[in-house]
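Quick notes on the structure that follows.
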Amino acid sequence: MHIRAAAPAELPLLQDIERAAGEPFRSVGMAFIADDEPLPLDVLDAYRRAGRAWVAADEADRPVAYLLTDTVDGAAHIEQVSVHPDAARRGIGRALIEHLAAEAAERGLTALTLTTFAEVPWNAPYYARLGFRPLAESDPELTVGLRAIQRAEAAHGLATWPRVCMRRELAGAAAVRRAPASP
């Protein structure tokens, strides 16, 4: 498996991956999520053209997972990460997130953020194992941008189930913020 930028011809395959990755939500009573349409091709292409869409490809260089990212209030925000169920439980999602963490740190971003379902085992509990922490409503790191994402998700119907914003500091970011200014 290797991580690389998404190619234009692969965008329909990314939609297929998202559909397949949504199917397990049926098993936890969330058919609405399983039936939700993936991002449109023009939106996926905008991420690709901006250099914010990566795929994890198999030995045949065929994508089996992908990650989309935005920058929200100084953090790399994971907009979408989807792994095809046939490739699940192999560390591919983790590898995509670590790829983003390295890229974001190089760009001087302070953290990774995401929004997810609080009670779905492969959502918030999984991200907690990767070092993300939930942000309480009163947490100052629940920024204006993250609150806007929460409102947009609620308008889309995602707030039917408990949702949570999560954050993971990037290595060295906290030390950089605490370092005294040079005289």
Worksheet item: What number of residues within the stretch 26-43 satisfy the criterion of being among the hydrophobic types (A, V, I, L, M, F, W, C) and touching an Asp or Glu at 6+ places or on another chain (Cβ under 9 Å)?
Response: 3
Discussion item. Please pick out the residue among ALA128, ALA101, ALA105, ALA95 that is open to solvent by less than 60 Å² (accessible area, probe 1.4 Å), under 27 Å from ILE3 (Cα atoms), in a helix (DSSP H, G or I) and touching a helix residue (DSSP H, G or I) at 6+ places or on another chain (Cβ under 8 Å).
Written reply: ALA105
Worksheet item: Does ALA7 qualify as being farther than 25 Å from ARG168 by Cβ and open to solvent by 10 Å² or more (accessible area, probe 1.4 Å)?
Response: yes
Worksheet entry | Options VAL83, VAL43; residue that is touching a residue at least 24 places away in the same chain (Cβ under 8 Å) and aliphatic (A, V, I, L, M) | VAL83
Discussion item. Step by step: first the residues of the stretch 58-75, then only those that are of a type in the set (A, V, I, L, M) and free of Cβ contacts under 8 Å to residues at least 40 places away in the same chain, then the one that is farthest from THR113 (Cα to Cα). Which residue is that?
Written reply: ALA60
Worksheet item: Which numbered condition trips up THR71, out of (1) surrounded by fewer than 16 Cβ atoms within 10 Å (Cβ to Cβ); (2) of a type in the set (Val, Ile, Thr); (3) farther than 25 Å from PRO140 by Cβ?
Response: (3)
Practice prompt. Give the stretch 44-53 a look and list any residue that's out of contact with any Pro (no Cβ under 8 Å at 6 or more places or on another chain) and open to solvent by 30 Å² or more (accessible area, probe 1.4 Å), or say none.
Written response: ALA46, ARG49, ALA50, GLY51, ARG52
Worksheet item: Within the bounds of the stretch 113-121, is there any residue that is touching an Asp or Glu at 6+ places or on another chain (Cβ under 9 Å), in contact (Cβ under 8 Å) with a residue 24 or more places away in the chain, open to solvent by 20 Å² or more (accessible area, probe 1.4 Å) and assigned to a loop (DSSP other than H, G, I, E, B)?
Response: no
Worksheet item: Picking from ALA159, ALA136, ALA154, which residue would you name as being among the aliphatic types (A, V, I, L, M), assigned to a loop (DSSP other than H, G, I, E, B) and either more than 20 Å from VAL81 (Cβ to Cβ) or at pLDDT below 90 (or both)?
Response: ALA136
Discussion item. Which numbered condition in (1) without any contact (Cβ under 8 Å) to a residue 60 or more places away in the chain; (2) farther than 22 Å from ALA65 by Cα is the only one that ILE97 fails?
Written reply: (2)
Worksheet item: Of all residues in the stretch 23-39, which are surrounded by 18 or more Cβ atoms within 10 Å (Cβ to Cβ) and either among the charged types (D, E, K, R) or closer than 18 Å to PRO162 by Cβ (or both)?
Response: PHE25, MET30, ILE33
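Residue-wise test of (1) within 27 Å of GLY145 (Cα to Cα); (2) modelled with pLDDT under 95; (3) not charged (D, E, K, R).
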{"residue": "MET1", "(1), (2), (3)": "no, yes, yes"}
{"residue": "LEU13", "(1), (2), (3)": "no, no, yes"}
{"residue": "ALA53", "(1), (2), (3)": "yes, no, yes"}
{"residue": "ASP61", "(1), (2), (3)": "no, no, no"}
{"residue": "LEU68", "(1), (2), (3)": "yes, no, yes"}
{"residue": "ALA76", "(1), (2), (3)": "yes, no, yes"}
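The values are calculated or read from the model by the stated rules, or taken from the named source; none is laboratory data. The shown structure was predicted, so the numbers you read here are calculated from the model rather than taken from an experiment. FYI the Cβ positions are ideal-geometry reconstructions off the backbone, even for glycines, and counts take in every protein chain you see. When the accessible area is computed, the model is the full protein with side chains, heavy atoms only, and any ligands, DNA or RNA have been set aside. Shrake-Rupley method; radii C 1.70, N 1.55, O 1.52, S 1.80 Å.
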